[in-house]
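J.: First, the structure itself, so that you have it in front of you.
The values are calculated or read from the model by the stated rules, or taken from the named source; none is laboratory data. Not measured: the values here are computed from a predicted model. Note: ideal-geometry Cβ built from the backbone for every residue, glycine included; neighbour counts use all protein chains shown. Surface accessibility is based on the protein's heavy atoms, side chains included, excluding ligands, DNA and RNA. Shrake-Rupley method; radii C 1.70, N 1.55, O 1.52, S 1.80 Å.
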Amino acid sequence: VELRPGGGSNTPEPDATAQAAIFMAKGTARLVIGTETHMLTPGTFAYLPPGAPWEIWNAGEEICGFHWIRKRYCEGIDATIPAPFVVHERDVPRAGMPGAEDSWATQRFFDPMDLGYDFHVTIVNFEPGGRIPFAETHVMEHGLYVLQGTARYLLNTDWVEVGPGDFMWLRGFCPQACIATGDQTFRY
């Protein structure tokens with residue numbers, strides 16, 4: 001989503017059963033959740049549970065942009081709807097992947113053991129030359145948006161070159177692997 005200066009909405013979510021994740025990409029926005037106001041800058045993440053009253057406005061003089069992931073909430077057994085929260089990616093620790101020798105790490109915005117969250121948003125980081133050394137698969141479908149750097153990414157049987165702004169959508173059980181090809185951290 002992109003908002004021009006002064007643009008925004010005091011009722012952006014038309015579906016009371018939808019939850020949302022917002023990840024700020026550029027510019028500055030003002031997010032109001034209930035009575036709390038948060039200033040969003042690039043790298044800020046917000047979780048908005050279903051039914052939460054919220055609004056968002058461009059708070060700067062340039063166009064601001066953010067990723068808005070919406071999903072109908074599916075309550076788990078013995079799980080409660082989580083509270084809203086706002087955090088910057090710099091405050092989310094990197095967890096190294098086993099056997100990757102600090103070349104492959106994730107930053108998880110949700111606790112994967114908390115069944116109240118019925119989806120996840122994660123930043124994956126590969127240092128130059130870092131890789132997924134085998135074709136892996138997942139039961140869930142998922143999207144990948146490249147934030148920084150370049151890589152060769154295996155999708156099914158094809159290796160594709162990817163870079164900032166590229167988006168990939170992977171079906172469940174899609175074989176995938178990655179090799180960071182640039183001289184900076186590859187992040188998606």
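J.: Quick one: accessible area per residue over the chain, 1.4 Å probe, rounded to a whole number of Å²?
T.: Result: 55 Å² of accessible area for each residue.
J.: Relative contact order for region 39-118: what percent, with Cα pairs under 8 Å and sequence separation of 6 or more?
T.: 36 percent
J.: With a sphere of radius 9 Å drawn around the Cβ of Ile123, what net charge do the other residues whose Cβ falls strictly inside it have (Lys, Arg +1; Asp, Glu -1)?
T.: Combined, the nearby Lys, Arg, Asp and Glu give +2.
J.: At Phe85 and Thr17, where each label point lies 7 Å from the Cα along Cα→Cβ, what is the point-to-point distance in nanometres?
T.: 2.7 nm
J.: Hey, got the Cα dimensions of region 1-78 along the principal axes, in Å, largest first?
T.: 45, 21, 19
J.: Report the GluC sites (Glu not before Pro) located in region 77-166 that are in a DSSP loop and have at most 11 other Cβ atoms inside 10 Å of their Cβ, or state none.
T.: Sites meeting the loop and neighbour criteria: Glu101, Glu141.
J.: If you don't mind, there's one more thing I want to ask. Spin-label point model (7 Å from Cα, Cβ direction): what's the Asp78 to Asp114 distance in nm?
T.: 1.8 nm
J.: Now a separate question. Could you point to the label whose value was computed as mean projected area of the Cα convex hull in nm² for the structure here, given (i) 10.8; (ii) 11.4; (iii) 13.7?
T.: (ii)
J.: Now a separate question. Could you work out the relative contact order of the chain, using alpha carbon pairs under 8 angstrom and six or more residues apart, expressed as a whole percent?
T.: In percent, rounded to a whole number, it is 17.
J.: How much net charge surrounds Trp104 when only the other residues with a Cβ under 11 Å from the Cβ of Trp104 are counted, with Lys and Arg +1 and Asp and Glu -1?
T.: Once positives and negatives cancel, what remains is -1.
J.: Considering Cα pairs under 8 angstrom that are at least six residues apart, work out the relative contact order of region 83-188 and quote it in whole percent.
T.: 27 percent
J.: Report the local net charge at Phe45: Lys and Arg +1, Asp and Glu -1, summed over other residues whose C-beta lies under 14 Å from its C-beta.
T.: After counting each charged neighbour, the total is 0.
J.: Applying the Karplus parametrisation 6.51 cos²θ - 1.76 cosθ + 1.60 with θ = phi - 60° to the phi angles of region 93-105, what ³J(HN,Hα) value in whole Hz is obtained for each residue in order, glycine and proline being reported as x?
T.: Result, rounded to whole Hz: x, 7, 10, x, 7, x, x, 8, 6, 6, 9, 9, 9.
J.: Quick one: if you stick a label point 7 Å off each Cα along the C-beta vector at Val160 and Thr106, how many nm between them?
T.: Result: 2.2 nm between the two label points.
J.: Please compute the volume of the convex hull spanned by the alpha-carbon atoms of region 76-161 and report it per residue in Å³.
T.: Cα-based convex hull of region 76-161, divided per residue, equals 132 Å³.
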